[in-house]
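Working notes, beginning with the structure itself.
The values are calculated or read from the model by the stated rules, or taken from the named source; none is laboratory data. Only a predicted model underlies this, so the values are computations on that prediction, with no experimental measurement involved. Cβ placement follows ideal geometry from the backbone for every residue including glycine, while neighbour counts extend to all protein chains displayed.
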Amino acid sequence: MLPIHPRLARRALAAPLHPRWPGESWRLAPLVLPILLPLCDPAAEAREITAPAAIDRAVTAFTGVPVGVPGGARAPADPRLQLAACAAPLAVRWHGEARAAVAVECTGPEPWRIFVALAGEAPGAAKAAQAIRRGDALTIQVRGRGFAIQQPGEALGAGAVGEWIAVRPSRPVSGAAVGSASARGEPLRARIERPGLVVIPLG
């Protein structure tokens, strides 16, 4: 490569990028164009995403408790989430034995999964009055979209409205409705709706 005279180099660097005379076209440095082009990418602008509000609705439908209420999502989904749109309904399940969070996932062509923490009792908060005590006779209601079935059962734990406790139905519940464990007469977990009534919500 031939050496460049220092004076010529300074003149090249000082050359303006704007028109010097009327009618002269704008001149942009070639390296500027690759930087500007991605900002106008129509494919990126048209990409569909899953609305954070849809995640909130899925979690609320699964837990049966609104956002911010003990047993429901601790906080609304982050509005900055950019998760791919999901063609299938969002799947929600418990995460961990403590059930302190739920997993929300999309099983479509662009699968994703997030974990949503659930709200618990605030430290120092007064203990809510127990609506059901261990050994109480109660009604167990299995509630789904457009249907509800119920039968008598027994409380295996105590809790306030909105809390989850173990219950045992008087007779086996349909395994197709709440799982094989119920068909074997094993204890189930249900949410206390009010004194004497617990609910097992189905997605």
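Screening the candidates 77, 61, 54, 88 for the property of being touching a Pro at 6+ places or on another chain (Cβ under 8 Å) and either over 22 Å from residue 192 (Cα atoms) or assigned to a loop (DSSP other than H, G, I, E, B) (or both) yields one hit, 77.
Conditions (1) in contact with a Gly (Cβ under 6 Å, 6 or more places away or on another chain); (2) in the same structural domain as residue 194 (by TED's automatic domain parsing), marked per residue:
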{"position": "58", "(1), (2)": "no, no"}
{"position": "69", "(1), (2)": "no, no"}
{"position": "84", "(1), (2)": "no, no"}
{"position": "87", "(1), (2)": "yes, no"}
{"position": "100", "(1), (2)": "no, no"}
{"position": "110", "(1), (2)": "no, no"}
{"position": "146", "(1), (2)": "no, yes"}
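All conditions in (1) closer than 24 Å to residue 89 by Cα; (2) at pLDDT below 90 hold for residue 122, with the sole exception of (1). Within the range 142-157, being in a strand (DSSP E or B), among the aliphatic types (A, V, I, L, M) and out of contact with any helix residue (DSSP H, G or I) (no Cβ under 9 Å at 6 or more places or on another chain) holds for 148, 155.
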